[in-house]
Amino acid sequence: MKLSNDTIKVMEFLDNFSDNNIRKRSDVGLIFEICASFNLHEILNRFIFTSKSVWKLSRSLKNSSPEQQGSDLLKTELGRQIDDMKKLLSQIIDYSDEPQSSERFANIYFQLTSGSLKNLTDLAHDFAIVKDLQSQKYGK
């Protein structure tokens, strides 16, 4: 799917805001384009919120030791949030009119592999930045 000029400008703004720290730039752009094209703002906002949760939980779990009290709860909650993130991402990608995009997302994000989990975490990182941008804009 070709990105509109508006989406390209959003991505450029996001690049500047993040100091070019977006890890899955083309996928973020595609998600924005699909959501804008099909008026999926509610799903997108839930996806952004859930992604921020996944990112924060993954950072907390990474910084905790396995023996630390509550690490099992962190793992359980992270798993639940990842499942929610995947469901929302699937809903968004279902609107794509390009089968290769759907297939690519299935291979990158929806497999039960450590690589897919890493890719989801990278995508969560990117949308956590979007959430930070929203919070900065609306928090004032």
Of everything in segment 38-83 that's surrounded by fewer than 19 Cβ atoms within 10 Å (Cβ to Cβ), within 18 Å of the chain's Cα centre (by Cα) and of a type in the set (Gly, Ala, Ser), which residue is farthest from Ser96 (Cα to Cα)? Ser60
Mind listing whichever residues of segment 107-128 are more than 20 Å from Met11 (Cα to Cα) and touching a residue at least 12 places away in the same chain (Cβ under 8 Å)? Ile108, Tyr109, Phe110, Leu117
For the structure I just gave you, tell me whether Glu33 is surrounded by fewer than 20 Cβ atoms within 10 Å (Cβ to Cβ) and either of a type outside the set (Phe, Trp, Tyr) or touching a Cys at 6+ places or on another chain (Cβ under 9 Å) (or both). no
So Asp126 passes all but one of these: (1) surrounded by 16 or more Cβ atoms within 10 Å (Cβ to Cβ); (2) farther than 23 Å from Phe38 by Cβ; (3) touching a helix residue (DSSP H, G or I) at 6+ places or on another chain (Cβ under 8 Å). Which condition number does it fail? (2)
Of the numbered conditions (1) under 22 Å from Asp132 (Cα atoms); (2) hydroxyl-bearing (Ser, Thr, Tyr); (3) touching an Asp or Glu at 6+ places or on another chain (Cβ under 8 Å), Ser60 fails exactly one; give the number of that condition. (3)
The listed residue being under 21 Å from Asp6 (Cα atoms) and either touching a strand residue (DSSP E or B) at 6+ places or on another chain (Cβ under 9 Å) or at pLDDT below 95 (or both), out of Glu98, Glu42: Glu98
I want to confirm something. Restricting to segment 1-30 and keeping residues that are of a type in the set (A, V, I, L, M, F, W, C) and either over 16 Å from the mean Cα position of the chain (by Cα) or not in a helix (DSSP H, G or I) (or both), which single residue is surrounded by the most Cβ atoms within 10 Å (Cβ to Cβ)? Ile22
Condition check: of a type in the set (A, V, I, L, M) and not in a helix (DSSP H, G or I). Does Leu61 satisfy that? no
Among Gln100, Gln134, the single one that is in contact (Cβ under 8 Å) with a residue 40 or more places away in the chain, surrounded by fewer than 16 Cβ atoms within 10 Å (Cβ to Cβ), part of a helix (DSSP H, G or I) and not β-branched (Val, Ile, Thr) is Gln134
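The values are calculated or read from the model by the stated rules, or taken from the named source; none is laboratory data. This structure is a prediction, so every number in the text was calculated from the model and none was measured. Neighbour counts are summed over all protein chains in view; Cβ atoms, including those assigned to glycine, are modelled from backbone coordinates with ideal geometry.
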